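Heads up, the thing below is written out as C-alpha cells.
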Amino acid sequence: MEPFAALDRARAEAERRLDAVGPDQWSLPTPCTEWTVRDVARHLVVGNKMAALLVSGASRDDTLAQIRVWHHADGTLAPDALVAAFRTSADAQAAALGRPGVLELTVHHPVGDIPGAQLLRFRVGDMTLHAWDLARAIGADDHTSMAPMAPFISPLGMFGSGPSGEVDESAPAQVRLLDLSGRRS
C-alpha cells in the first residue's frame with residue numbers, strides 16, 4: 001500500500017473510533033495499561049502535531065519541550081474539543097508530510113534522527129494501533145485494518161511489549177500484527 005494511502009486509512013480508523021467514544025467512556029482504561037481513552041486521544045493529537053513540527057525542522061530538544069506543553073494543554077480539553085483537535089492536527093500532519101521532499105528529509109525525532117519516510121511509517125503505525133486500543137476500551141468493533149502496519153512493526157518495544165512467540169503464521173493478519181505490537185486479543 002502506498003504510504004500516504006496508509007496514513008489516510010490509519011487516520012480514518014482512529015477518527016472512527018474517536019467519534020464512537022461515549023460521554024462516559026473517556027476515563028475507561030485501554031490496552032495501553034497506563035492510559036485511559038482520553039490519554040490515548042491526547043497522545044494521537046500530540047503525535048500528529050509532533051510530526052508536523054519535526055518536518056518543519058525543529059530540533060529534538062525543541063520538540064520534546066513542545067510535546068510537554070501540548071500534553072498539558074490537550075489534557076484539559078473537553079471531549080468534543082479533543083476530537084476536533086485530532087481532526088485539525090491530522091490535517092496539519094498530512095499537509096506537512098505531503099510537502100515535496102519531506103520523505104527524504106532527516107528529522108530529529110525523540111528516538112533519534114530518522115528519515116521523513118520513517119516518520120510517516122511511525123505515524124501510520126501509531127494511529128492504527130491506537131485505533132485498536134480505543135475500540136477495545138469502548139467495546140467497539142476492534143477489527144482495525146492492520147495491513148498497512150505490516151512493514152512498520154518491529155519487536156523493539158516501541159508499540160508495546162513485542163511478540164509473544166505464541167502466534168504462528170497461520171493466524172489471521174490482524175492477530176499476528178497485534179501480537180507483534182504487544183497487544184493480545
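FYI, it's all coordinate maths here, none of it is from the lab. Note that the structure is predicted; figures quoted are calculated from it, not measured. Here Cβ is always computed from backbone atoms with ideal geometry, including for glycine, and neighbour counts include all displayed protein chains.
So is Arg11 surrounded by fewer than 16 Cβ atoms within 10 Å (Cβ to Cβ) and basic (Lys, Arg) or not? In short, no. Of all the residues in the stretch 24-48, those that are under 12 Å from the mean Cα position of the chain (by Cα) and either β-branched (Val, Ile, Thr) or buried (at least 23 other Cβ atoms within 10 Å of the Cβ) (or both) number 7. Of all residues assigned to the stretch 18-38, at least one qualifies as being aromatic (Phe, Trp, Tyr) and within 17 Å of Trp132 (Cβ to Cβ). Figure legend. Inter-residue proximity from the stretch 96-117: first residues small (Gly, Ala, Ser), second residues crowded, with 17+ Cβ neighbours inside 10 Å and in a strand (DSSP E or B), beta-carbon distance below 7 Å, spacing 6+ or different chains. Indicated pairs: Gly116/Val107.
Only one of the listed residues (Asp24, Asp8, Asp74, Asp80) is within 21 Å of Ala140 (Cβ to Cβ), of a type outside the set (Val, Ile, Thr) and in contact (Cβ under 8 Å) with a residue 12 or more places away in the chain. That residue is Asp8.
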